[in-house]
Every structure is written in structure tokens, then in C-alpha cells.
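**Q** I am attaching a structure below and will ask some questions about it afterwards.
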């Protein structure tokens, strides 16, 4: 069992190396344009949970996760050569919907501001003119 700090360092290193591999070395079209948003490693270093996303959003999630599962053996082998660990963790891939949730929240906030502005104009008797 490793300390929490060491587990975080291992996770950071996996995230950095994997991100670089996805940009420079992986040719699978399912994995183009994806970002590794987070990696967590359990304290036994048995599993690494890898969170990914893409600009196109959740519509690509199934293809991306299938591509990562398909490439898992290659990715683990390459990363184990770059990161020296006695035991290298198995990967579990997850879709990170944080960006989609953030965008949805921003739209809700913008619509609330717009409703508030409309309410203020109606109370003052002003007419709203687009343009």
C-alpha cells in the first residue's frame, strides 16, 4: 500500500504520459481529440480510474470508451515502460461529463439573468428593443 501522496503522484504521471501518447502516438480515429481530464489510483495501485472527455461531448463517449478498452493492453505496456512501478495498475475508463454539466449550468444562469433583466424592464415600463 502506498501513501495518498504517492498515489496522487502516480496518477499525475499516468495522466501526463497518457495525454502525450494520445496526442503523439495513437492513430485510432476513435481516440482523436480526446482529453484525459483526471486519473485516480487506489492506494494498493491495483486500479487506475481514467476520466476522459471530448469537445464533441457525450455523443462520442461510447466510441471513445470502446477505443480505450481496445487499446488498454498497448497503453498499459507502454506506460509501464515509462513509469517504473513494481506493479502497474489496471485501467478503468470513465466518461467525464463535467464540461457538459458546466455548459448546462452556464446556460441556466444566463437564462436566469435574461429573465431578471426582462422583469426589471417590465416593472419600469420600458420597452425592450432588439438590435
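**Q** For helix 98-124, what angle does its Cα long axis make with the longest principal axis of the chain, in degrees from 0 to 90 and rounded to 10?
**A** Once rounded, one gets 10 degrees.
**Q** I'd like the FRET efficiency for residue 32 and residue 6, computed as 1/(1 + (r/R0)^6) with the beta carbon distance as r and R0 of 22 Å, rounded to 0.05.
**A** E between residue 32 and residue 6, to the nearest 0.05, is 0.10.
**Q** Report the full-extension gain for the segment residue 42 to residue 84: residue separation times 0.36 nm, less the Cα-Cα distance, to one decimal in nm.
**A** This chain segment gains 13.4 nm when fully extended.
**Q** Which value in deg cm²/dmol, rounded to the nearest 500, describes the helix-derived mean residue ellipticity at 222 nm for the chain, given -39,500 (n - 2.57) per DSSP H run of n ≥ 4 and division by the residue count?
**A** -19000 deg cm²/dmol
**Q** So how tilted is helix 4-24 from the main axis of the chain? Cα-based, degrees 0 to 90, rounded to 10.
**A** 80 degrees
**Q** Obtain the nm distance between the two label points defined at residue 105 and residue 13 by a simple spin-label model: each point lies 7 Å from its Cα along the Cα-to-C-beta direction.
**A** Using points 7 Å along Cα→Cβ, the separation is 3.3 nm.
**Q** Give me 74, 51 ranked fewest to most by other Cβ atoms within 10 Å of their Cβ, as a rough exposure proxy.
**A** Ascending number of Cβ neighbours within 10 Å: 74, 51.
**Q** 7 Å from Cα along Cα→Cβ at both residue 74 and residue 118: what's the point-to-point distance in nm?
**A** The answer from the label model is 5.1 nm.
Every read-out reported here was derived from the displayed coordinates using simple, explicitly stated rules and does not represent laboratory data. Nothing here was measured: the structure is a model prediction, and the numbers come from that model. FYI the Cβ positions are ideal-geometry reconstructions off the backbone, even for glycines, and counts take in every protein chain you see.
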